[in-house]
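Every read-out reported here was derived from the displayed coordinates using simple, explicitly stated rules and does not represent laboratory data. This structure is a prediction, so every number in the text was calculated from the model and none was measured. Cβ: placed from backbone, ideal geometry, glycine included. Neighbour counts: every protein chain shown.
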Amino acid sequence: MFKTIFLCFKAIINNWNQPPNIEQIKNHEVSLRVMPWHLDLNFHVNNAKYFSYCNQARFVFMLDTKILSFIFRRKFIPVIKKMEVQYLKSLMLFQKFKIITSLVEVQKGFLLLEHQIIDNSGALVARVKCQVCLLKKNEYIDHEKLFENYFNLVEKK
């Protein structure tokens, strides 16, 4: 919770008047650390915690790339449609790791984001694919047309 708030303030301060960066859309990085309250009774990171890590990374990704302000200005609500996780390795207590988030695809019904969780040795720990839908008044939005405008803004700046 506190880490998310800290990351939000950091993103807002660092990118206050800067245009969206196309490189951040391809590879956005957030660094985190495993804390004792992230572990289950077997001293492994709880599987549900990986979703929480990805939520933090996705939120900061959307702040840094200005996607969140682009969406909210149009009064849309981002909703997770589906998340798939492929667990490859465990994270240990106090271990540092990073999450690389990238926008993989924009389709009519959703945005496809990929999170790669990588430990401090560079090994891939987990891969998470996330489908995000946008709603306005309980109706799905056509993402392709909407993000055509967003990417035109990014390429102009």
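With the convex hull constructed from alpha-carbon coordinates only, the range 32-157 shows a mean projected area of 8.7 nm² over all directions.
Here each label is just a point 7 Å from Cα along the line to Cβ, and for Lys98 and Glu114 those points are 1.7 nm apart. Which pairs in the list Lys82/Lys137; Lys96/Lys137; Lys66/Lys129; Lys98/Lys136; Lys89/Lys136 are over 29 Å apart, alpha-carbon to alpha-carbon? Beyond 29 Å: Lys96/Lys137; Lys98/Lys136; Lys89/Lys136. Starting from the Cα of Arg33, step 7 Å along the direction of its Cβ; do the same at Asn55; then give the gap between the two resulting points in nm. That separation, rounded to one decimal, is 2.3 nm. Rounded to the nearest Hz, the phi-derived 3J(HN,Hα) couplings of the range 33-50 under the Karplus curve 6.51 cos²θ - 1.76 cosθ + 1.60 (θ = phi - 60°) are 9, 6, 10, x, 6, 8, 8, 8, 5, 8, 6, 10, 5, 4, 4, 5, 5, 4, where x marks glycine and proline.
Spin-label pair Glu139-Glu105: with each label point 7 Å from Cα along the Cα-Cβ axis, the two points sit 2.6 nm from one another.
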